[in-house]
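The values are calculated or read from the model by the stated rules, or taken from the named source; none is laboratory data. Since we're looking at a predicted model, the values are computed, not measured. No Cβ is skipped: glycine too gets one built from the backbone with ideal geometry, and neighbour counts run over all protein chains shown. Surface areas here come from the heavy atoms of the whole protein model, side chains and all, with no ligands, DNA or RNA. Shrake-Rupley method; radii C 1.70, N 1.55, O 1.52, S 1.80 Å.
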Amino acid sequence: MPFLEEALRSIARQSDRSLEVVVQDGGSTDGTLACLQRWHPTLNLTVVSEPDRGIGHAYQQAIQRSRGEIVGTIDADNLLEPDALKRVDEAFVRHPDCAVVYGVVRTIDQQGRPVAAFRPERFDLLRAMRCELVPPFSTAFFCRAVCGAELYFDDTLKTCADFDLWLRLGRLPMVALPEVLGSTRLGRQSMSCRPASFDQFCRDKIRVLSRFLARQKFAAIESIRKRSIAGIYLWAAESVYELGGPTSQIARYCRRAATFDPRSDRLRRFRRRH
């Protein structure tokens, strides 16, 4: 609450209604359960409400409860476009070997007014590791059969559970659609809109990256690791700058990036601009 009703309404508006709605609630006491009860006859919700250990644990619980061939997520403050599921289903029909389909995500303010549109690029694993490319998880849909055993979330992660998933699925084919599939609301309720969250984001991403690279046989693995850690800190610096301009926190992220990749063109460009 208070955006849950809009999220549920956006699901109910879907032109493709061959869907299940699995709700994983973290033990809310703000009227969420009463709202879900009102929507049960319309959407046939299955609801579990209990404390969780973080976003990875919550997503994993929901994934285990779901049965659909295609899996997507919608947070309580996000929205889906009315034809989102239809377009996703059509894309998987056109690309039967595809593991993931993701589309354009619109950002909206607290009142639901459009702010901007993020048009994701084609997936590239090395760029994703360096956080030069951040696929939009809110408009991403996963084919259970193609993803196989990799379609799970690390239930120990407090944040950035999607980063872990993207790295594990990075070897599989993905399709980026040009259409808007949904909206993400910007505001105080969002962790990604709070600069204080980014230290934890960096810790979780570096942990995920290190674990992923330890299992790989890439050439020049140490160079990839260092450039990727630098990229994670630069992503944090870029993101925090967008939230409020220059701060000592940004300078700290830049220093850490320079420790791992002192010749980074990306770092040089960021410092020159800001």
Surface share of carbon and sulfur [accessible, 1.4 angstrom probe, percent] for the chain: 52
So what does CYS193 come to for accessible area, using a 1.4 Å probe and Å² rounded to 10? 30
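Evaluate E = 1/(1 + (r/R0)^6) for ARG38 and ALA149, where r is the Cβ-Cβ distance and R0 equals 25 Å; express this FRET efficiency to the nearest 0.05.
Taking R0 as 25 Å, the efficiency between ARG38 and ALA149 is 0.10.
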Would you mind calculating the relative contact order of the chain from Cα pairs under 8 angstrom and at least 6 residues apart, reporting the percent as a whole number? 19
Per residue solvent-accessible surface (Å²) - the stretch 96-176, probe of 1.4 Å: 42
Per the charge dipole of the stretch 4-141 (beta-carbon charges, Lys/Arg positive, Asp/Glu negative, Cα centre), the residue among ALA7, THR32, VAL48 reaching farthest to the positive end is ALA7
How far is helix 32-43 tilted off the main Cα axis of the chain, in degrees rounded to 10, range 0 to 90? 60
Relative contact order %, the stretch 50-192, counting alpha carbon pairs below 8 Å whose residues are six or more apart: 41
Ignoring ligands, DNA and RNA, how do ARG144, ARG119, ARG271 rank by accessible area with a 1.4 Å probe, largest first? ARG119, ARG271, ARG144
Let me know the charge dipole size of the chain about its Cα centre in debye, to the nearest 20, where only the beta-carbon of Lys, Arg (+1) and Asp, Glu (-1) is charged. 1460
Amide H to amide H under 5 Å from ILE108: which residues, 5+ apart in sequence or cross-chain, H placed 1.01 Å off N in plane? VAL115, THR184, ARG185, LEU186
Could you give the size of the charge dipole of the stretch 89-168 about its Cα centre, using +1 on the Cβ of each K and R and -1 on the Cβ of each D and E, expressed in debye and rounded to the nearest 20? 240
Residues MET1 and GLN216, FRET efficiency given R0 of 51 Å [Cβ-Cβ distance, rounded to 0.05]: 0.75
Antiparallel bridges, percent of DSSP beta bridges restricted to the chain (to nearest 5): 50
Just how many pairs of Lys in the chain have C-alpha atoms closer than 22 Å, counting pairs that are eight or more places apart or on different chains? 4
As an exercise, identify the trypsin sites (Lys or Arg not before Pro) in the stretch 1-57 lying in DSSP coil whose Cβ has no more than 11 other Cβ atoms within 10 Å. ARG17
Largest-first ordering by accessible area, 1.4 Å probe, given options LEU43, LEU243: LEU243, LEU43
Quick one: accessible surface of GLU150, probe radius 1.4 Å, all protein chains present, in square angstrom to the nearest 10. 50
From the square roots a ≥ b ≥ c of the eigenvalues of the alpha-carbon gyration tensor of the stretch 82-166, which class results: rounded (a/c under 1.5), prolate (a/b over b/c), or oblate? oblate
